[in-house]
Amino acid sequence: MTRLKCSVKNCAYNEDQLCAKSDIMVGGQDASMPNETRCDSFRERTESMTNSTSQAKPETSVGCHAKNCRFNEDCKCQATEIGIAGSNACCCSETECASFECQCK
C-alpha cells in the first residue's frame, strides 16, 4: 500500500489530508506531466455531506492508469508515498497526482 497525502480539501473522502476511501484510481493514461493526471476517485464534498463512512488511514491502495508513470506496475502504484493535489477542486479534472514521474519513451 502507498502512503497517501491529499491536499484536495473539497473531496468528500479527505479527512485531515488522509483518504477515507480504501482505494483510489489515478487517471491520465497518456500523461507525461503531473498536471495531465487526475484522481478519478474524487467526489466533491457538498454541504449536505458528512465525511465518508470509512476511517481515514495513512496508507491507501492506489490503482493507476497513467501508463507513463515510473511507479505504475500493472496498473498499481508502487511508490512508497504520493501526494494528490488540487486544493479547491470541484471535479476530478482539477486534481492531479503530484508525485507522477514520467518514464516517457
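What a 1.4 Å probe finds exposed on the chain is 45% carbon and sulfur by accessible area, rounded to a whole percent. Expressed as a fraction of 2.2 N^0.38 Å, the value expected for a compact globular protein of N residues, the C-alpha radius of gyration of segment 1-80 is 1.09. Total lysine pairs in the chain at Cα distances under 14 Å, for residues eight or more apart or on different chains: 5.
Value of Rg to Rh for segment 34-95, rounded to two decimals, is 0.98; Kirkwood radius and Rg both from alpha-carbon coordinates. Full extension of the chain between GLN55 and CYS90 yields a length gain of 10.3 nm, computed as 0.36 nm times the residue separation minus the alpha carbon distance.
The values are calculated or read from the model by the stated rules, or taken from the named source; none is laboratory data. None of these values were measured; they are calculated from a predicted model. For accessibility, only protein heavy atoms count, side chains too; no ligands or nucleic acids. Shrake-Rupley method; radii C 1.70, N 1.55, O 1.52, S 1.80 Å.
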